[in-house]
Amino acid sequence: MTIRRVDHSGKSLANTSVKKPSRTGESAPGEKFTRVMDALAPMDGTFAVTATDEVQAADGDASSRQKRQQLQQTGELLDSLQELEQDLQGKELPPEGDETAEQTRLRLRETRDQALRSLTETPSKGEERDLLHRTAVLATVELAKTDRGDYK
């Protein structure tokens, strides 16, 4: 952006420097907006929930919902792995066309794929996500072993 000033002699001077307003302190995006909304909120003697509280609660609900979902998917994967283990222990040499073995592998593939989709959609970090990731890797390895025929 160029700012032109007129000198007293009538000549224009080009000044290409533009100073950005300095930020004093780090603030989260939208923090100023929520403070203004809090100031405008009517106080009628009842408990008033501030806009800042609502934003923090919504963020907390979303992250706790994701954590619950990740833990639930981890549980489903572990259940599928346990079914595969029981199926393999019950039969020493399962035939290739055995329906229960195929259904068990299919269920494990579906739960693993669902967990992988969830992992790609939620880039957040945390212990729950790490646990789901490790369980999905374990399920992938076990599926590869059964497809390869290691348990025959």
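Just so you know, all these numbers are worked out from the coordinates, no wet-lab data involved. Keep in mind the model is a prediction, meaning the values are calculated, not measured. Note that we place each Cβ from the backbone using ideal geometry, even for glycine, and neighbour counts take in every protein chain shown.
Remarks
- With a Förster radius of 30 Å applied to the beta-carbon distance between Glu85 and Thr120, the computed FRET efficiency rounds to 0.65.
- Two-site label geometry, Glu99 and Gln72: point separation in nm, points 7 Å out along Cα→Cβ: 3.0 nm
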